[in-house]
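All of the numbers you see were taken from the coordinates with simple rules; none came from a lab. This structure is a prediction, so every number in the text was calculated from the model and none was measured. With ideal geometry, Cβ positions are generated from the backbone for all residues, glycine too; neighbour counts draw on all protein chains shown.
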Amino acid sequence: MAGEPRGRARRVVFCASATEALHLLHPGPAPGPGRPSRPWLFPGEHSACLNPLADWDVRWMPGDPAGCATVVQMAASNETRDPLPHAPGTGGAGQDAAQAWGKVPVTLADCDAAVFSGHKIGGPRGAAVLWNAARAALDPVMEGPQERRRRGGTEDLPAILGLAEAVRELARTPGRERALGPLRDALRRRCCPGPG
């Protein structure tokens with residue numbers, strides 16, 4: 001067990017935003033030799049997930065996943081917080097949990113990396129977390145020595161401390177988002193009434 005906290009810390013990269021963290025996770029600006037296979041994505045993905053893949057030949061769910069790999073997928077919808085469908089068995093998956101964190105259950109058991117945003121849980125803007133389970137090499141968006149040379153730019157320490165406090169508050173009040181469920185469901189019924 002000696003050294004375990006340090007080992008865990010090496011899996012974490014503090015970023016300025018979830019968008020930056022998602023850019024770190026994507027494999028690069030264009031496909032080429034040695035790149036992962038075609039991304040297989042849900043059409044409702046956030047633009048922060050889609051924009052880095054503008055030059056890729058993306059295949060959209062629910063089409064045939066043969067020869068594809070998931071890159072990053074949102075854990076929940078921005079608007080409704082509903083869990084989104086995931087692509088099972090394609091390997092190499094990352095999870096954009098910025099919208100889901102503290103609102104719907106998030107599991108990291110079946111993903112290699114995940115992104116969390118502090119201001120989505122009541123913390124200040126300017127701090128996000130990239131959890132990199134495999135500790136795979138990342139291509140920095142900007143070159144720099146910060147975060148063990150995995151990103152460039154001085155970290156916003158007050159924002160990171162605020163993020164930590166928001167996480168502690170989230171742990172103290174685990175059910176605070178449940179009150180929003182009935183309001184969401186009522187809005188859905190009014191906007192999208194069913195037949196009859």
Nearest-0.05 FRET efficiency for residue 109 and residue 47, computed from C-beta distance (R0 25 Å): 0.35
Length gained when the stretch residue 146-residue 172 is fully extended (0.36 nm per residue, less Cα-Cα span): 6.2 nm
Ordering of 117-128, 48-59, 99-110, 12-23 by packing [mean C-beta count within 10 Å, highest first]: 12-23, 117-128, 48-59, 99-110
Protection-proxy order for peptides 182-188, 145-151, each taking the mean of Cβ atoms within 10 Å per residue, highest first: 145-151, 182-188
Theoretical FRET efficiency, 1/(1+(r/R0)^6), r = Cβ-Cβ of residue 186 and residue 55, R0 30 Å, to 0.05: 0.10
